[in-house]
1. Calculated FRET efficiency, A:Q69 and A:K116, Cβ-Cβ r, R0 41 Å, to nearest 0.05?
2. So what is the accessible area of segment A:47-117 per residue, in Å², with the probe set to 1.4 Å?
3. Sum up the charges of everything whose Cβ sits under 12 Å from the Cβ of B:T109, counting Lys and Arg as +1 and Asp and Glu as -1, but leave B:T109 out.
4. Mind checking the per residue accessible area of chain B for me, 1.4 Å probe, whole number of Å²?
5. Could you please state how large a percent of the accessible area of segment A:1-97 is carbon and sulfur, counting protein chains only and using a 1.4 Å probe?
6. Using a 1.4 Å probe on protein heavy atoms only, how many Å² of accessible area do A and B hide from each other, summed over both chains and rounded to 100?
7. Once both labels are modelled 7 Å past Cα along the beta-carbon direction, what's the A:Q2-A:N58 spacing in nm?
8. Which translational diffusion coefficient, to the nearest whole µm²/s, is obtained for chain B from the Stokes-Einstein equation, given a Kirkwood hydrodynamic radius over C-alpha pairs, 4 °C and 1.567 mPa s?
Amino acid sequence: AQTVTQSQPEMSVQEAETVTLSCTYDTSENNYYLFWYKQPPSRQMILVIRQEAYKQQNATENRFSVNFQKAAKSFSLKISDSQLGDTAMYFCAFMKHLKEYGNKLVFGAGTILRVKS
Amino acid sequence: NAGVTQTPKFQVLKTGQSMTLQCAQDMNHEYMSWYRQDPGMGLRLIHYSVGAGITDQGEVPNGYNVSRSTTEDFPLRLLSAAPSQTSVYFCASSSSGQGYTEAFFGQGTRLTVV
């Protein structure tokens with residue numbers, strides 16, 4: 001079974017600074033997807049960024065980028081130029097590549113990020 | 001676009017009562033899932049479906065039933081609510097297309113069992 005570990009329950013950062021959220025995972029699969037989801041106080045689940053395991057290049061989406069280390073099974077999220085609207089719970093998640101598994105997601109426990117002005 | 005619609009948004013139940021959490025999607029997605037979110041545990045999969053008439057258990061299925069009679073709807077039933085089922089529940093759907101397909105989440109249902 002796959003597991004996802006987020007070792008930082010809470011983090012804080014000053015507005016405009018950079019912060020990195022950590023995530024490690026355990027799997028015997030070779031092909032899979034990794035995600036970071038944002039959950040603001042509204043409870044909505046928002047996809048921030050995804051990474052395909054077969055791609056060596058780290059994914060980027062505007063101010064969000066990842067450091068994907070497949071051998072180390074590490075998948076950290078870097079948020080640059082932090083904004084007050086980035087305040088939220090962030091979940092790291094894993095999905096097997098195989099379609100017959102119905103796109104099931106395995107989530108970490110989450111990291112609460114607070115951006116301070 | 002409605003996307004994934006969950007009802008109700010909030011619910012309080014007494015121990016032993018039954019209820020159904022509704023989930024509907026209008027994107028013709030084959031895959032649908034139910035998760036529960038608890039503090040310090042993230043989201044955990046309860047049940048999932050890969051198409052109408054096909055369901056299977058996830059990580060934490062005890063105390064919950066599901067059925068999938070149509071592509072659009074995937075209700076979650078609590079037959080006899082327990083305080084341990086106090087949680088926030090999310091429904092998600094995605095298509096079965098080739099390659100990666102994004103999961104779309106409903107707005108969640110906060111359930112309190114007293």
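The values are calculated or read from the model by the stated rules, or taken from the named source; none is laboratory data. Note that the structure is predicted; figures quoted are calculated from it, not measured. Heads up, the Cβs are rebuilt from the backbone with ideal geometry, glycines too, and the neighbour counts pull from every protein chain shown. What goes into the accessible areas is simple: the full protein's heavy atoms, side chains included, and nothing from ligands, DNA or RNA. Shrake-Rupley method; radii C 1.70, N 1.55, O 1.52, S 1.80 Å.
1. About 0.90, to the nearest 0.05.
2. Accessible area per residue, segment A:47-117: 48 Å².
3. +4
4. Per-residue accessible area for chain B comes out at 46 Å².
5. Of the solvent-accessible surface of segment A:1-97, carbon and sulfur hold 43 percent.
6. About 2000 Å² of accessible surface is lost on pairing.
7. Here the answer is 2.1 nm between the modelled labels.
8. Estimated via Stokes-Einstein, D reaches 92 µm²/s.
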